[in-house]
1. How far is it, in nm, from the label point at residue 209 to the one at residue 154 when both lie 7 Å from their Cα along the line to the Cβ?
2. What is the extension gain from residue 190 to residue 281, computed as 0.36 nm multiplied by their sequence separation minus the C-alpha to C-alpha distance, in nm to one decimal?
3. How big is the C-alpha Rg of segment 187-254 next to the rule-of-thumb value 2.2 N^0.38 Å, as a ratio?
4. Under the rule of -39500 (n - 2.57) per DSSP H run of 4 or more residues, summed and divided by the residues of the chain, what mean residue ellipticity at 222 nm is obtained, to the nearest 500 deg cm²/dmol?
5. I need the semi-axes of the equivalent ellipsoid of the chain: take the C-alpha gyration tensor, multiply each eigenvalue by 5, square-root it, list largest first in whole angstrom.
6. How would 92, 84 line up from fewest to most surrounding beta-carbon atoms within 10 angstrom?
7. Just rank 193, 111, 231, fewest to most, by other beta-carbon atoms within 10 angstrom.
8. When the chain is fully extended, how far beyond the present Cα-Cα distance does residue 326 get from residue 161, taking 0.36 nm per residue of separation?
């Protein structure tokens with residue numbers, strides 16, 4: 001218990017909390033300027049999120065891809081890389097699971113795991129492309145992942161339009177077989193027919209795997225070492241290129257699972273889209289807010305999921321445009337990124353506390 005208390009009282013935990021408070025305050029100021037009641041708006045948001053078991057289930061459904069997208073970014077951050085390709089990896093993962101879900105007819109205990117595995121592996125391999133270009137050609141992963149995002153989007157649109165389009169609706173694919181779905185009558189029943197599914201459990205398990213790989217394995221030690229100091233790691237005999245590719249591969253796995261849970265658990269099909277999924281980019285904010293830790297990502301995704309789903313409540317209960325939630329999210333990201341400002345603000349408080357401890 002003391003260890004848990006120390007974790008939540010460290011400065012690394014204080015800064016995100018203060019960033020959230022500042023973000024909410026900025027949102028309140030924007031609402032006041034626009035003539036809205038911020039207290040009523042935030043109350044309406046909470047009522048929307050916790051007002052019924054259905055709303056709680058839908059909030060969990062919204063949180064699920066944010067956890068996985070956040071893990072994809074956080075993992076590569078911890079290894080010294082910046083994976084902006086989560087959105088593209090998501091759609092590739094979605095395509096992999098879609099193909100298995102449509103084209104195969106298998107028992108559910110084989111079909112669903114196979115669809116999950118294929119989707120995750122395809123996304124991991126897609127992420128490894130950027131890792132390979134970084135390791136072998138020195139090309140910055142930020143540039144390659146941005147380009148790969150759009151390649152993935154248009155490639156998936158092409159595959160759906162030409163090979164998988166439903167004749168009744170050419171803007172989306174066929175529905176997947178029921179045996180490949182990860183929807184749950186049990187979970188849906190608990191949450192009053194909400195679309196929460198086994199993907200949420202998968203996201204929590206992924207967070208645990210994230211922690212185990214980085215903190216409890218030799219591979220994780222090498223990955224963190226390469227991210228911290230690649231020159232010292234190379235001197236110690238570590239293969240820098242292999243670790244870069246592996247880090248991007250694992251990051252792609254997590255992002256691919258985000259797409260898999262949406263396809264197999266929520267929609268049961270994939271649409272032809274003109275834009276990349278926002279979860280892939282929101283995962284960057286989740287990772288920053290969570291300090292690139294497994295627990296932090298889960299908590300950050302919970303906050304962002306509540307804000308995203310609760311935006312409709314602000315609209316209905318207080319007339320506040322949903323875009324105000326984006327202002328709050330952007331403000332939180334700003335204050336997390338500008339952590340030097342927050343440290344400057346809280347420095348006098350820490351100084352006073354130390355002074356009192358010295359006097360004692």
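Please treat every number below as a calculation from the coordinates, not as lab data. Computed from a predicted structure; not experimentally measured. With ideal geometry, Cβ positions are generated from the backbone for all residues, glycine too; neighbour counts draw on all protein chains shown.
1. Simple spin-label model gives 3.2 nm for this pair.
2. 29.7 nm
3. Relative to the rule-of-thumb radius for its length, segment 187-254 sits at 1.58.
4. The helix-only estimate for the chain comes to -25500 deg cm²/dmol at 222 nm.
5. 34, 29, 19
6. Listing 92, 84 from fewest to most nearby Cβ atoms yields 84, 92.
7. Listed from fewest to most nearby Cβ atoms, that is 231, 193, 111.
8. Taking 0.36 nm per residue and subtracting the Cα distance, the gain is 56.2 nm.
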